[in-house]
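Structure first, commentary second.
Where a number appears in this text, it was derived from the coordinates with a stated rule and is not lab data. All figures in this text were calculated on a predicted structure; none of them were measured in a lab. Cβ sites come from the backbone with ideal geometry, for glycine too, and all protein chains shown count toward neighbours.
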Amino acid sequence: MTERHAYAEVAKRVPKAAICLLSALAFHEITTQSPASVWIALPKGARTPALASPLLRIVRLSGLSLTTGIENYQVDGVPVRVYSAAKTVADCFKFRHKIGLDIAIEALKDCLRQKRASINQIYRYAQVCRVGNVIRPYMEAL
């Protein structure tokens, strides 16, 4: 079973979910990390899916933070919703206490180095995620 097949399985069983954080970084090939679980974003108050496999890590979002930056892909014939590279980097800073600041900084550097997103795109999503002041010093250092 490939990593992307796991995303298709999750998308089939949890259609409102969007692939996020470490899983989205891996999907966009921005990280050296290989997540053991599939990270998904769900609306606040949504039912927690009961899946035995693959393992899930769930973050709860609301408003524009939940709805902006979603891109649609086809994986094994299944529509999969994945946050864009720029939105994923902003989310990494938002959830830096869950995934680690080092991973967020690595994601920012790799995203810009690989030209997956511009500084302006990342900063726009950082404003949506309310982490503009957090991410600004790291962007200025690059």
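Ignoring the sites themselves, the chain has its longest run without trypsin sites (Lys or Arg not before Pro) in a DSSP loop having at most 13 other Cβ atoms within 10 Å at 48-114. Among beta bridges identified by DSSP and lying wholly in the chain, the antiparallel ones come to about 55 percent. Extent of segment 3-141 along its three principal axes (Cα atoms, max minus min coordinate, largest first): 42, 30, 24 Å. Residue by residue, segment 109-120 carries 3J(HN,Hα) couplings of 4, 5, 4, 6, 5, 7, 6, 7, 7, 8, 4, 5 Hz when phi is fed to the Karplus relation 6.51 cos²θ - 1.76 cosθ + 1.60 (θ = phi - 60°); x denotes Gly or Pro. Comparing mean-square fluctuations of LEU61, LEU108, LEU51 from a GNM of the chain with C-alpha springs under 10 Å, the top value falls on LEU51. FRET efficiency for the pair MET139 and GLN74, taken as 1/(1 + (r/R0)^6) with r the Cβ-Cβ distance and R0 = 30 Å, rounds to 0.40.
Just to be sure I understand the curve: with the Debye formula and one point per C-alpha of segment 65-118, what is log10 I(q)/I(0) at q = 0.15 Å⁻¹? Values returned for q = 0.15 Å⁻¹ are -0.47.
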